[in-house]
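Worksheet for the structure shown next.
The values are calculated or read from the model by the stated rules, or taken from the named source; none is laboratory data. Nothing here was measured: the structure is a model prediction, and the numbers come from that model. Neighbour counts are summed over all protein chains in view; Cβ atoms, including those assigned to glycine, are modelled from backbone coordinates with ideal geometry. The protein model used for the area step is the full one, side chains on, heavy atoms only, and it has no ligands, DNA or RNA in it. Shrake-Rupley method; radii C 1.70, N 1.55, O 1.52, S 1.80 Å.
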Amino acid sequence: MSAQVAWVIGVLIVYLAAILFIGLWSTRYAKFTLEDYAMGSRSFGFWVLFSTVFAANISAVTLIGIPGAAYHNGWIMWPYFVTSWAWFTPWLFWLLSNRSWILGQRFGYMTQAEIVKNRWDSPALGFLFSICLLFYSVPYLMTGIQGGGNALAGLTGNVIPYWAGCLIVAVIVCAYLVAGGMRGAAWVNTLQAAIFMVGVIIIFFSVANVFGGLTPATQQVADKYPWLLDRSKFSWKIFYSYGFIVALSVPVFPQVFMRMITGRSPKALKGTVMIYPLAGLIVFFTMAYSGMWGHLAFPELKGAESDKILPMVLAAYLHPALMAVLGSAIFAALMSTLDSQLWAVAVILVKDFFLGQKTTAISEVQAVRWSRIITVSLAVLAFILAQFQIVGIINIVNFAFAGFAVLIWPMAAALLWRRCTKQAAAASIIASQFVLLGLQYGILPKAWAFGFLPGLPAIIVGLVVLVIVTYLTPVPVNKGTQEFFETFATAMPKKSISTSVTGRQMA
């Protein structure tokens, strides 16, 4: 075994042991209720809340996918992701999450579908919303496991094969998530966020130093691969439509949205919203440039092979010890998002489907047990799907982001627009999904996208349909609408939360 592989395995063992210890230690504070297992009893202060929300968003996409895409497309991948995200997404976070937090405190809601369903007293609408979330979340689950496999294979020169890396990531994430639930994941995420925030900065300067420094590295790219420093890979329509899609999709991510309502107070939520974009800008910038510079070292990579560019550069040019430590930053990012995705999908399945269809009460212990079983089952499914590596991580994400973005209108309307009706929300979901999937898979003529990404026409159609149908249908006077907006008007949620899993929140 080479010194490089030994360092990677040694550091990985230390890192994995640390997060397992934290996850298991959190069980000392467990209350063995679904409210505690799934939401951590909504007790997180600012730093833990920020860490777990940010870690849920900074994933294999950021530390594997963006460097891989920048390898082919250049620096433009940085503004491609953050053009609107840096300013619009935090605003949406506060606008939507603040009201959702109030409802969570008042009624104990855990999922977006519960909010949509109870706003209009429509189980069918909540079911439709959940189906859409799951449809785009399950493929997204693959990215964390796929990123882990690529990272370990790249760092060890394939001594640890892709499938083994995928397996290691899946098993460890399942272990601390099943044991500690949301609290365990949040505490682990706090460590992971610190690791990858420091790690990406060191990676940035280390990769630049390989090619002589920041300016010489970029000058070499300009001399050898000038297209990596212009915008020729993207038309303005593609560039700006993707920026808009990203900005609207992130607040709808179930793993991010549901974490935003686990905070202890609005103050913790506000602090998270304020610091979130700054941290994101740093991570996206450093990873895009690192991937672009990597083209100088390995210029012959094709397609999804570029997803390995960052670990390949670290393995080839850095001291094994430093390379291994920085490799742990990659693992911290991809595992933190994987645990949040597994958790979110499991909670959706339990709350919106299993418990939502039960006519009799089940015990809290049974609810937690089902959450754990579903978490493990999802990890197995994601592991199997990741073995096919049909497309690169960025391609999976592009598909998922658009699917989440078109759901922003019914979600926002449920919280902000009292006049909006359930018929309008349902029509918006159906119409936007039809346009998105129709353009994506050739059912509708691609010319109908007018050169934009399919997600943008779908977003516009969803908004237009929502507004038109709202004014064609009667003003809603249902109980849920009255309760929601009376609660917002007083802004004084109850401090105690019912731990019943069969009460009003599932009615």
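How many angstrom lie between the Cα centre of the range 171-209 and the Cα centre of the range 110-132?
Going from one Cα centre to the other spans 32 Å.
Calculate the dipole size of the chain relative to its Cα centre from +1 charges on Lys and Arg beta carbons and -1 charges on Asp and Glu beta carbons; express the result in debye to the nearest 20.
Details: 30 positive and 14 negative charges, 258 e Å.
Charge dipole, the chain, about its Cα centre: 1240 debye, nearest 20.
Would you mind classifying the range 195-257 by shape? Square roots of the alpha carbon gyration tensor eigenvalues, ordered a ≥ b ≥ c; an a/c under 1.5 is rounded, otherwise it is prolate if a/b is larger than b/c and oblate if not. Please report the intermediate quantities before stating the final value.
On the way: a/c = 5.37, a/b = 1.34, b/c = 4.00.
It comes out oblate by the Cα gyration axes.
Working from Cα positions, state the angle (0 to 90°, nearest 10) between the long axis of helix 162-210 and the longest principal axis of the chain.
Approximately 40 degrees, to the nearest ten.
Please arrange ARG418, ARG99 by accessible surface area, largest first, computed with a 1.4 Å probe and ligands excluded.
The ranking, largest first, comes out as ARG418, ARG99.
Can you sort HIS295, HIS319, HIS72 by solvent-accessible area, 1.4 Å probe, largest first? Could the numbers behind the result be given before it?
Numbers: HIS295 15, HIS319 120, HIS72 60 Å².
Result of the area sort, largest leading: HIS319, HIS72, HIS295.
What accessible area per residue, rounded to a whole number of Å², is obtained for the chain using a probe radius of 1.4 Å?
Numbers: 18500 Å² over 507 residues.
Per residue, the chain has an accessible area of 36 Å².
Go through ALA86, GLY303, VAL475 and say which Cα lies farthest out towards the positive end of the charge dipole of the chain; charges sit on Cβ, +1 for Lys and Arg, -1 for Asp and Glu.
Towards the positive end, the residue furthest out is VAL475.
Which value, in Å² rounded to 10, gives the accessible area of GLU364 with a 1.4 Å probe and all protein chains present?
Roughly 40 Å² of GLU364 is accessible to a 1.4 Å probe.
From the phi angles alone, apply the Karplus equation (6.51, -1.76, 1.60; θ = phi - 60°) to the range 402-410 and give each ³J(HN,Hα) in whole Hz, x where the residue is Gly or Pro.
Working through the residues one at a time gives 5, x, 6, 4, 5, 8, 5, 5, x Hz.
Give the separation of the Cα centroids, the range 406-432 to the range 263-334, in Å.
Taking the Cα centre of the range 263-334 as reference, the centre of the range 406-432 is 36 Å away.
Summing -39500 (n - 2.57) over the DSSP H runs of n ≥ 4 in the chain and dividing by its residue number, what mean residue ellipticity at 222 nm do you reach, to the nearest 500 deg cm²/dmol? Can you show the working numbers first?
Numbers: 21 runs with 364 residues, N = 507.
Calculated mean residue ellipticity at 222 nm is -24000 deg cm²/dmol.
Applying a 10 Å radius around every beta-carbon, put 214-223, 369-378 in order of their mean neighbour count, most first.
Working: 214-223: 14.6, 369-378: 17.8.
Ranked by mean Cβ neighbours within 10 Å, highest first: 369-378, 214-223.
If I take every Cα pair under 8 Å that is 6 or more residues apart in the chain, average their sequence separation and divide by the length, what percent do I get for the relative contact order? Each step should come with its number before you reach the end.
Details: 865 pairs, mean separation 163.9, N = 507.
Reported relative contact order: 32 percent.
With everything on Cα atoms, drop me the angle between helix 3-25 and the longest principal axis of the chain, reported from 0 to 90° to the nearest 10.
Long axis of 3-25 versus the principal axis of the chain: about 20 degrees.
I'd like the Karplus ³J(HN,Hα) series for the range 323-331: coefficients 6.51, -1.76, 1.60, θ = phi - 60°, whole numbers in Hz, and an x wherever there's a Gly or Pro.
Computed from phi, the couplings for the range 323-331 are 4, 5, 5, 5, x, 5, 5, 5, 5 Hz.
Quick one: net charge around LEU128, please, counting Lys, Arg +1 and Asp, Glu -1 for every other residue with C-beta under 15 Å from its C-beta.
The answer is 0.
Which shape class applies to the range 255-369: rounded if a/c is under 1.5, otherwise prolate when a/b exceeds b/c and oblate if not, where a ≥ b ≥ c are the square roots of the Cα gyration tensor eigenvalues?
It is prolate, given that a/c is not under 1.5 and a/b is the larger ratio.
I want the local charge near TYR80. Using Cβ-Cβ distances under 15 Å, sum +1 for each Lys or Arg and -1 for each Asp or Glu among the other residues.
On the way: positive: ARG231, LYS233, LYS237; negative: ASP230.
Taking every Cβ under 15 Å from that of TYR80, the sum is +2.
Name the shape class, rounded, prolate or oblate, that the alpha-carbon gyration tensor gives for the range 138-218, where a ≥ b ≥ c are the square roots of its eigenvalues, rounded holds for a/c under 1.5, and otherwise prolate holds if a/b is larger than b/c and oblate otherwise.
Values: a/c = 2.83, a/b = 1.55, b/c = 1.83.
Taking the square roots of the gyration eigenvalues as a ≥ b ≥ c, the range 138-218 is oblate.
What percentage of the solvent-accessible surface of the chain, computed with a 1.4 Å probe over protein heavy atoms, is contributed by carbon and sulfur atoms? List each step's numbers first, then the result.
Working: 12930 of 18500 Å².
That fraction is 70 percent.
Express the C-alpha Rg of the chain as a ratio against the empirical globular expectation 2.2 N^0.38 Å, rounded to two decimals. Intermediate values should be presented prior to the final figure.
On the way: Rg = 22.3 Å, N = 507, 2.2 N^0.38 = 23.5 Å.
The reported ratio for this selection is 0.95.
Nearest 10 degrees, 0 to 90: what angle lies between the long axis of helix 85-107 and the longest principal axis of the chain (Cα atoms)?
Between helix and principal axis, roughly 40 degrees.
Counting Lys and Arg as +1 and Asp and Glu as -1, each charge on the Cβ, what is the dipole of the range 247-346 about the Cα centre in debye, to the nearest 20?
My answer is approximately 480 debye.
Quick one: net charge around PHE44, please, counting Lys, Arg +1 and Asp, Glu -1 for every other residue with C-beta under 13 Å from its C-beta. Don't jump to the answer; show the numbers that get you there.
Values: positive: ARG42, ARG183, ARG259, ARG264, LYS267; negative: ASP36.
Local charge sum for PHE44: +4.
Could you order LYS270, LYS308 by accessible surface area, starting with the largest, using a probe radius of 1.4 Å?
Correct descending sequence by accessible area is LYS270, LYS308.
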